Amino acid sequence: MAGNLSPDKQRQMLRQMLTIRRFEERASNDYHAGKIYGVVHCYIGEEAVAVGVCSALEPTDRIISTHRGHGHCIAKGADLNRMMAELYGRQAGYCKGKGGSMHIADFGIGMLGANGIVAGGIAIVTGAGLAAQMEGKGGVAVSFFGDGASNAGPFHECLNIAAAWKLPMLYVCENNGWAAQTAAVATHAMSDVAGRAAGYGIPGVVVDGNDIFAVHQAASRAVARARAGEGPTLIECKTYRQRAHTERKGQPDPRDQAEVEAWLQKDPLTLLERKLKAQGDLDDAGWQAMEREVMAALERAVAFAEASPFPTPEQATDDVFAA
Amino acid sequence: MRELTYNEAALEAVAEEMRQDTKIFYMSTDPIPPLLKEFGDKRIRATPIAEGALTGMAIGAAGSGFRPIVDWRQVTFAFVAMDQIVNQASKIHYMFGGQRSFPIVYRANVGGGTRLAAQHCQCPYSMFMNLAGLKLFLPSTPYDMKGLLKSAIRDNNPVISFESNRLLARKGPVPEEEYTIPLGLADVKRAGSDVTVVALAWLVHEALAAAEALAAEGISVEVVDPRTLVPLDKETIRRSVQKTGRLVIADEAGPTAGFSAEVAAVVTEDDATFAALKSPVRRVCALQVPIPYSPGLEDHVFPDRKRITDGIRAVLKGPKPAAAA
Ligand SMILES: Cc1ncc(C[n+]2csc(CCOP(=O)(O)OP(=O)(O)O)c2C)c(N)n1
């Protein structure tokens, strides 16, 4: 299952998933404490997708995210300090406090941004795929998006262009079964988004999005195909968001409790932890140490955020135009 | 009188009209629970996230005898439907020689104060004012919301109901009895004699607060709420400015080519109103920037009662003497 991933790499993947989990818990907590504003969409339950895919990439490859973007940032290697500072609305944040939770980007690591518009990133990252093709260095680009976004025009338009031009792209659909309060079954005629790949003449694969090794393997194949100049792949990861659509209090969550419970039994983080322990690649002491280190890193991130000043009013007019 | 929130008043308008006319149906990416409960999923449709398609489908359904309401939710999401709005909905009646009418209501929340950053905090109504063929309104109270939305649903044109994010939970009196408010009619929210403030939505309330405070100093401020952006009630605005001789325009949008610019032109291009002006017109608008996330930044970008007060004081001072050449 873990293929040829070294134990170190597997533990690294576990650590990233754990970091995302704890980051989201902290973000939720601090949002309710009034330290983070606006809205927070948690990635809890879907961590295996971001980490499984990003662990198959090179640092120079580029990705784009969604409104539920913290996990993709962390999986691509973003700095927790600057992420937390952005959520806290501070000067030292990735976007100098101008973006917040829905808009974290780190172009330096190939993370082209979270996005408040459903399907808003798909064309942008397809442009990064075009750039990679024109650069001719074997780079790839990855679009993360939800089942909801797969019904929007840019998904279809971009799959067609990427297929026709053989762009080095991965289209990774995080099918968590719901778009806000609307069930995917109510808006999709086919149960598998991956089936749509056939209409564009590209491979479409369905994977268990809570099984990080399955995700990693599918992503690795698609990356190899893209680097070889054979074009894009659509990967559908079946997963679940364990929390409501956003952290806002009092929003409706029409999901069946039994459905939520069933998915909690398939928690991707617990699955990987158990697997590593069963393989003999992780013991209790190692797991506890990992927990402590992750929590310490988060505490440092919060301290960093709190130490950074809020932007000054004059900074509101900075950066409207490039120099 | 009983009180409803702005949001409840809008829902009541929709529900009342839907009870009276079975041709009305409603589309949005997430259905509104009480409407779904009352009217069922054929008339209250949960749609895929495909605003371009919904916006266009409403045009086709309207041209085929239905009266669709499309809830874009945030105006932000309407931008993926710009072709259908700009090239199709606004032009179709005129371009095809008036063969069919297209009774559609598009609902869209606008405005800031939500800490949701640049993509989710926008006041782009002047972009739509620039089109011919769409009616637009933006109410400031639950009473106006209900009355205008009912008129919009009965109107035989595409109408955009802009609804202020900041006012959704704000309460106000709404009578139980049936009433409508015609599109194109401004409302003088406070009568005064020294300065006219033309304001929209949340800034109506900020202007009223400023007016109340200034009254203690003996300054009499008239607050005019246009309510409808297209057609704009130019007469009420001009009449007020002819009376006061001074005008401040308060808008949550930026100034450039905005609603505020239109009002300034309406006043200054009219001979009688121009002649009555005692001071240059002042605009109190948002800074011309995308809306930033951090609370201090966001609050700095938007106008408020303090800036309106400053604007009023400035027009009371009259024109600055022109600098010698
Ligand atoms: C164009 C557009 N329409 C509507 C919305 C409001 N909205 C935000 S998230 C969301 C649901 C997205 O579902 P999905 O793509 O499956 O992603 P998930 O939230 O499940 O991760 C909706 C409707 C939006 N942000 N953009």
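Observations on the structure shown:
- Among A:Asn175, A:Asn151, A:Asn115: highest mean-square fluctuation, GNM of chain A, C-alpha pairs under 10 Å: A:Asn151
- With a Förster radius of 51 Å applied to the beta-carbon distance between B:Met1 and B:Leu36, the computed FRET efficiency rounds to 0.95.
- Selected from A:Ala162, A:Ala183, A:Ala258 as most flexible by GNM, with chain A as the system and alpha-carbon contacts under 10 Å: A:Ala258
- Buried accessible surface for the B/A pair, both sides summed and rounded to the nearest 100, is 2200 Å² with a 1.4 Å probe.
- Within the assembled protein chains, the solvent-accessible surface assigned to B:Trp202 is about 40 Å², based on a 1.4 Å probe.
- For a label point 7 Å along the Cα-to-beta-carbon line of A:Ser191, residues of the stretch A:120-159 with backbone N under 19 Å: A:147-148
- Think of the stretch A:7-307 as a dipole: +1 on every Lys or Arg Cβ, -1 on every Asp or Glu Cβ, centred on the Cα centre; then among A:Gly113, A:Ala186, A:Ala56, A:Gly113 lies furthest on the positive end.
- DSSP loop GluC sites (Glu not before Pro) with at most 11 other Cβ within 10 Å excluded, longest remaining stretch of chain B: B:1-175
- Label-to-label distance, nm, for residues given as B:Asp21 and B:Asn156 (7 Å Cα→Cβ offset): 1.1 nm
- Heavy-atom accessible area, 1.4 Å probe, ligands and nucleic acids excluded: residues of the stretch B:269-302 down by at least 40 Å² from chain alone: B:Val289, B:Tyr293, B:Ser294, B:Pro295, B:Leu297, B:His300
- Accessible-area ranking of B:Arg283, A:Arg90, largest first, probe 1.4 Å: B:Arg283, A:Arg90
- Dipole of the stretch A:7-307, positive end: most advanced residue of A:Gly89, A:Ile44, A:Ile74 [Cβ charges, Cα centre]: A:Gly89
- Helical contribution to [θ] at 222 nm, DSSP H n ≥ 4, -39,500 (n - 2.57), averaged over chain B, rounded to 500: -11500 deg cm²/dmol
- Prolate/oblate/rounded label for the stretch A:174-229 (Cα gyration tensor, a/c 1.5): oblate
- Over chain A: helical MRE at 222 nm, DSSP H runs n ≥ 4 each giving -39500 (n - 2.57), nearest 500: -13500 deg cm²/dmol
- Set of the stretch A:237-270 residues, backbone N closer than 20 Å to the point 7 Å along the Cα-Cβ line of A:Arg221: A:237-239
- DSSP bridge orientation in chain B - percent antiparallel, rounded to nearest 5: 20 percent
- Cβ charges +1 (Lys, Arg) and -1 (Asp, Glu), total dipole of the protein assembly as shown, debye: 700 debye
- Projecting the alpha carbon convex hull of the stretch A:7-307 along each direction and taking the average yields 14.8 nm².
- Treating r as the C-beta distance of A:Gln265 and A:Asp79 and R0 as 30 Å, the FRET efficiency rounds to 0.35.
- Taking a ≥ b ≥ c as the square roots of the eigenvalues of the Cα gyration tensor, the protein assembly as shown is classed as prolate, since a/c reaches at least 1.5 and a/b is larger than b/c.
- For the stretch A:91-118, accessible area lost to neighbouring protein chains reaches 10 Å² or more, against the chain alone with a 1.4 Å probe, at A:Gly97, A:Lys98, A:Gly99, A:Gly100, A:Met102, A:His103, A:Asn115, A:Gly116, A:Ile117, A:Val118.
- Chain B - percent of accessible surface contributed by carbon and sulfur, probe 1.4 Å: 53 percent
- Antiparallel beta bridges, as assigned by DSSP with both residues in the protein assembly as shown, represent about 15 percent of the total such bridges.
- Estimated inter-spin distance, A:Gln91 and A:Glu135, nm [label 7 Å along Cα→Cβ]: 3.2 nm
- Percentage, to the nearest whole number, of Cα pairs in the stretch B:89-163 over 15 Å apart: 60 percent
- Considering only A:Met290, A:Met111, A:Met84, the mean-square fluctuation computed in a Gaussian network model of chain A, springs between alpha carbons under 10 angstrom, is largest for A:Met290.
- Gyration tensor (alpha-carbon) shape descriptor, the stretch A:169-292, a/c threshold 1.5: oblate
- Summarising the label geometry, the points placed 7 Å from Cα in the beta-carbon direction at A:Ala198 and B:Ala215 lie 7.1 nm from one another.
- Subset of A:Lys35/A:Lys76; A:Lys76/A:Lys137; B:Lys91/B:Lys243; A:Lys9/A:Lys96; A:Lys249/B:Lys146 violating a 29 Å alpha-carbon distance limit: B:Lys91/B:Lys243; A:Lys9/A:Lys96
- DSSP bridge orientation in the stretch B:3-173 - percent antiparallel, rounded to nearest 5: 10 percent
The values are calculated or read from the model by the stated rules, or taken from the named source; none is laboratory data. None of these values were measured; they are calculated from a predicted model. Backbone-built Cβ (ideal geometry, glycine too); neighbour counts: all protein chains shown. Note: areas computed on protein heavy atoms with side chains; ligands, DNA, RNA excluded. Shrake-Rupley method; radii C 1.70, N 1.55, O 1.52, S 1.80 Å.
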